[in-house]
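The values are calculated or read from the model by the stated rules, or taken from the named source; none is laboratory data. Given the structure is predicted, the values throughout are model-derived calculations rather than measurements. Using ideal geometry, Cβ is built from the backbone for each residue, glycine included, and neighbour counts are taken over all protein chains shown.
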Amino acid sequence: MSLQELADAGALSKGHLSNIEHGLATITIDTVEHIAAALGVSPFCVITFPTDDELNRIADLARKLSKGDHRKLRKVLEERTTHEPPASGVVRRT
């Protein structure tokens, strides 16, 4: 996608996008949202970089999955992060 095509799809000016690209303008949340909509991705995808850290690499891989696989992955992650280990053999009764 060219800069002009992105500008057109995101209802932004090519000059503004060029200024952001060259560090001459600061990107705003509104612009991130327009770019994301033009690309058909979430704003999170626009502002993360897979090479920065492990979490961003995981997010980049997750972006490539189908929506059905997104649900499966979310369930697995929820199970792994909300699972509490069983109590140390002590059963409490009320």
Answer yes or no: is there a residue in the stretch 8-21 that is at pLDDT below 90, surrounded by 14 or more Cβ atoms within 10 Å (Cβ to Cβ) and assigned to a helix (DSSP H, G or I).
no
Considering residues that are of a type outside the set (Ser, Thr, Tyr) and in a helix (DSSP H, G or I), the number found within the stretch 22-58 is 20
Does Val76 satisfy the condition of being farther than 21 Å from Glu5 by Cβ, modelled with pLDDT of 85 or more and not polar (S, T, N, Q)?
yes
